[in-house]
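Report on the following structure.
The values are calculated or read from the model by the stated rules, or taken from the named source; none is laboratory data. Since the model is a prediction, treat every value here as computed from it, not as a measurement. Virtual Cβ from ideal backbone geometry, glycine too; neighbours counted across all protein chains shown.
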Amino acid sequence: MGREVTKLTDMLDKVQKPGRYIGGETGARRKDFRPGRVSVALAYPDMYEIGMSYLGLKLLYHLLNERDDVVCERVFAPAHDMEKELVTSGIKLFSLESKTDINKFDIVGFSLSYELTYTNVLNMLNLSGITVLADQRGEDEPIIIAGGACCFNPEPMSRFIDVFFIGDAEETLPEFIEEYRKISLLSLTRKRKMKKLSLLKGVYVPCLYDAKYAGSRFDQIVPANGDVPRCVKKGEVKDLNSAYYPVKQLVPFIKIVHDRIVVEVMRGCPNKCRFCQASAINSPVRVRKPEMVRALCREAYKNTGYSQITLLSLSSVNYPYLADLVKGLNEDFKGRGVGISIPSLRVDEAFYEIPEIIAAERKAALTFAPEAANPDIQRSIGKKTDYDVLCQSARVAYRHGWQRLKLYFMVGFPGRIDAEVDDIMRWANDVSVLRKELQGRAADVKVSVNPFIPKPHTPFQWMGMAPEERLRETRRQLLARGSKRVKVEFHDIGRSILETCMSRGDRRIADVIYSAWRGGAKMDGWSDFFDLSIWEAAFKENGLDIRDEAQKTFSIAETLPWGHIKTGTSEACLKQEFVDSGFGS
């Protein structure tokens, strides 16, 4: 397999970053396609720099390639210049390792970690020569699978994906590969193959289920016949210490977003914030032992030479062995110039024990995520952020050389706009001035604000998004209160509206996605490409209104579009949390 080298070279000479498409990086695997081997193309529906920063893709790539019966290669969404060259030359989208057409693989697996990549999936299928609509695919076409956080509401992508993986794919994908290898030896129709695959744990095959409606309202998802499970339970890694982790990782030729070693120290989160889908779908908490983390870091460093190590989890500051782990890692890498960092920080007293190690080699900007500054909103969302602890954390950070801080907030919860704005700006200004007390000059503080987006499987799943007018007024007030030292950035409201529709939509949203893609929508997560008018027209074409869908509320008595997907948390528990928040009364 593979394609003519000269033709490919001519095409790559015409694009801005050929390093996105050439493959051959350190750690890449090139294996022969041969009878008996299942071929898998792992597809990330965004550009190389984004996809190569995603730990899940690296993990599955190496996990599958360690099997002798699997050939696993990668493909990413092409940039505009590369897509133009593909179309002009008549060349189909190809894999990085062997330059094989994607439609020649047995399985094409997409990572769905962000709703605004959905049109990229359709575009990649089309560029690959794969039929976009699942119910029209031929018997000889690849099976299209998908995994990731977005699959906990699979319905908006149900017309395009054959098989969804719910939960931890490293737990369920190997069994899926085994079953696929067996059934591929049988003379079965595509539909019969889907039927057998649907019986595996953590697997949802949408073509075997029907969506029912009561007038214009969604009613329920039911099996098309009685041979498939009514509900799908997530796959789950029970013990993180025995879970697979690749120490021989890919090292890109070009700079990517997160160009470093990333080791997951904890899966799940002990903080049950009511807005957080990641916590809900990744429960229960599973902890990787510090000695295991240190061993993985040492091996990954030996094989990559990276000078930065990130200790990943939803709330790394709550990892129970963090202080000891960091001390141990500092001993392991003493004198090698290796920095240890963790993602954005929950404001917590535990921070005081570890400030000197957070990105110790690069004291540029430190990120805290209070989410809300107003005490009433804090109580409702279940995230208590202590103002005094934040100020003390800022002082400690400044003493250890930090120059700038970044604060994350959400807005659009029920309540007064002015209370929301006043508290956010008071916190930001106070944190900035604290450095002046210590060093004679106020700190630069960036306030990053996102509209609240209610997510499936959280206590707020029954809520709608705040009206656009309210969000625009909140943004106006925040931007007006910014200063030279305290700068406010507000996430695009139009993209937040679309994300809400995608995350909480039923099966009808699949038709909207298809219409939007045909209308030119792609790379919607990038401000340079996003065009809200395309989406407004697509919703209208399918008898829906984008703002009505974003603001839509559900009664706690009705079945939700994602109700057939089970995370392990009971709906009764979520309902009680919703009532306790005060937003559901």
Item to complete: Output the residue which, of all residues in segment 187-208 that are surrounded by fewer than 13 Cβ atoms within 10 Å (Cβ to Cβ) and among the polar types (S, T, N, Q), is modelled with the highest pLDDT.
Response: 189
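I'd like the residue in segment 290-340 that is part of a loop (DSSP other than H, G, I, E, B) and small (Gly, Ala, Ser) and, out of all such residues, is surrounded by the fewest Cβ atoms within 10 Å (Cβ to Cβ). Don't jump to the end; show me each part of the working.
Taking segment 290-340 first, the residues part of a loop (DSSP other than H, G, I, E, B) are 305-307, 313-315, 319-321, 333-338.
Keeping just the survivors that are small (Gly, Ala, Ser) gives 305, 307, 313, 315, 335, 337.
On the way: 305: 12, 307: 16, 313: 24, 315: 24, 335: 5, 337: 9.
This residue is 335.
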Discussion item. Exactly one condition in (1) buried (at least 16 other Cβ atoms within 10 Å of the Cβ); (2) touching a His at 6+ places or on another chain (Cβ under 8 Å) is false for residue 231; which is it?
Written reply: (1)
Fill in: Count of residues meeting criterion [buried (at least 20 other Cβ atoms within 10 Å of the Cβ) and either in a loop (DSSP other than H, G, I, E, B) or at pLDDT below 95 (or both)] in segment 41-53
4
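The rows are residues; the columns are (1) touching a helix residue (DSSP H, G or I) at 6+ places or on another chain (Cβ under 8 Å); (2) modelled with pLDDT of 85 or more; (3) among the charged types (D, E, K, R); (4) within 20 Å of residue 286 (Cβ to Cβ).
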position	(1), (2), (3), (4)
303	no, yes, no, no
306	yes, yes, no, no
312	yes, yes, no, yes
332	yes, yes, yes, no
340	yes, yes, no, no
349	yes, no, yes, no
352	yes, no, no, no
355	yes, no, no, no
374	yes, yes, no, no
Worksheet, complete the sentence: Flagged in segment 123-151 as out of contact with any Lys or Arg (no Cβ under 8 Å at 6 or more places or on another chain) and closer than 11 Å to residue 77 by Cα, in numbering order, are 124, 125
Worksheet item: Inside segment 532-568, can you point out the residues that are in contact with a helix residue (DSSP H, G or I) (Cβ under 9 Å, 6 or more places away or on another chain), of a type in the set (D, E, K, R) and outside any helix (DSSP H, G or I)?
Response: 545, 552
Item to complete: Mind listing whichever residues of segment 253-296 are more than 20 Å from the chain's Cα centre (by Cα) and at pLDDT 95 or above?
Response: 287, 288, 289, 290, 291, 292, 293, 294, 295, 296
Worksheet, complete the sentence: Picked from segment 85-116 (must be in a helix (DSSP H, G or I) and in contact with a Gly (Cβ under 6 Å, 6 or more places away or on another chain)), the residue farthest from residue 14 (Cα to Cα) is 116
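Pick from 70, 75: which is of a type outside the set (Ser, Thr, Tyr), in contact with a strand residue (DSSP E or B) (Cβ under 7 Å, 6 or more places away or on another chain) and over 17 Å from residue 254 (Cα atoms)?
On the way: 75 fails: over 17 Å from residue 254 (Cα atoms).
Selected residue: 70, the only one of 70, 75 that is of a type outside the set (Ser, Thr, Tyr), in contact with a strand residue (DSSP E or B) (Cβ under 7 Å, 6 or more places away or on another chain) and over 17 Å from residue 254 (Cα atoms).
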Item to complete: For residue 60, state whether it is surrounded by 16 or more Cβ atoms within 10 Å (Cβ to Cβ), under 26 Å from the mean Cα position of the chain (by Cα) and at pLDDT 95 or above.
Response: yes
Discussion item. I'd like the residue in segment 521-578 that is out of contact with any Pro (no Cβ under 9 Å at 6 or more places or on another chain) and among the basic types (Lys, Arg) and, out of all such residues, is surrounded by the most Cβ atoms within 10 Å (Cβ to Cβ).
Written reply: 522
Discussion item. As an exercise: evaluate residue 211 against (1) buried (at least 18 other Cβ atoms within 10 Å of the Cβ); (2) farther than 24 Å from residue 69 by Cα; (3) of a type in the set (A, V, I, L, M, F, W, C) and give the number of the one condition it does not meet.
Written reply: (1)
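For residues in segment 168-211 being of a type in the set (S, T, N, Q), touching a residue at least 24 places away in the same chain (Cβ under 8 Å) and in a loop (DSSP other than H, G, I, E, B), which is nearest to residue 229 (Cα to Cα)?
198
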